[in-house]
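The structure appears right after this line, and notes come after that.
The values are calculated or read from the model by the stated rules, or taken from the named source; none is laboratory data. Given the structure is predicted, the values throughout are model-derived calculations rather than measurements. Cβ placement follows ideal geometry from the backbone for every residue including glycine, while neighbour counts extend to all protein chains displayed. What goes into the accessible areas is simple: the full protein's heavy atoms, side chains included, and nothing from ligands, DNA or RNA. Shrake-Rupley method; radii C 1.70, N 1.55, O 1.52, S 1.80 Å.
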Amino acid sequence: QLQLVESGGGLVQAGGSLSLSCAASVFPFGMYRMGWFRQSPGKEREFFAAISWGGGSTFYVDSVKGRFTISRNNAKSTVYLQMNSLKPEDTDVYYCARQRRPYGLGSEPYNYWGQGTQVTVSS
């Protein structure tokens, strides 16, 4: 069964950094664009970063651009998220996700998510 397992969340002070990992299994990881989402209680899950199947192209929403970096290691079937200059409003549960189809474009929907990891940023 396809699995995405996030790790690396925790508590950090504002201005600090955290690094998240997402280990994938069962599917050909290098064929899929991967993304990161986050969600607060009572709110919809929000997409904020993506990386192409080969890692050569990345995308960020404005709220995290310049602070977060997405990367991947296809040999390890792992996608990463380096988060710097964290703010209290970055407090959320963070999820990695896989696009529905291989070699998808940016508009391809995501249909698999991990279980999530909590990130809490104190002020």
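With the contact rule set at Cα under 8 Å and sequence spacing of 6 or more, what percent relative contact order holds for the chain?
With pairs under 8 Å counted, the relative contact order is 35 percent.
Using 0.36 nm per residue, how much length does the chain from Asn73 to Ala14 gain when fully extended, once their Cα-Cα distance is taken away?
18.4 nm
Take the alpha-carbon centre of segment 91-123, take the same for segment 25-49, and report the distance between them in whole Å.
1
Per 0.36 nm of contour for each residue apart, how much would the distance between Thr120 and Gln39 grow if the chain were fully extended, relative to their Cα-Cα spacing?
28.0 nm
In the full protein assembly as shown, how much of Lys76 is accessible to a 1.4 Å probe, in Å² to the nearest 10?
Here the accessible area works out near 130 Å².
Quick one: dipole size for the chain, taken about the Cα centre, charges +1 on Lys/Arg Cβ and -1 on Asp/Glu Cβ, in debye to the nearest 20.
300
Using Cα positions and a limit of under 20 Å, work out the lysines in reach of Lys87, with same-chain residues fewer than 8 apart set aside.
Lys43, Lys65
Would you mind checking which residues have amide H under 5 Å from Tyr112's amide H? H placed 1.01 Å from N; only 5 or more apart, or other chain.
Arg98
Can you put Leu2, Leu86 in order of accessible area, largest first, using a 1.4 Å probe?
Leu2, Leu86
In the chain, carbon and sulfur make up what percent of the accessible area (probe 1.4 Å)?
Answer for the chain is 50 percent, counting heavy atoms of protein chains only.
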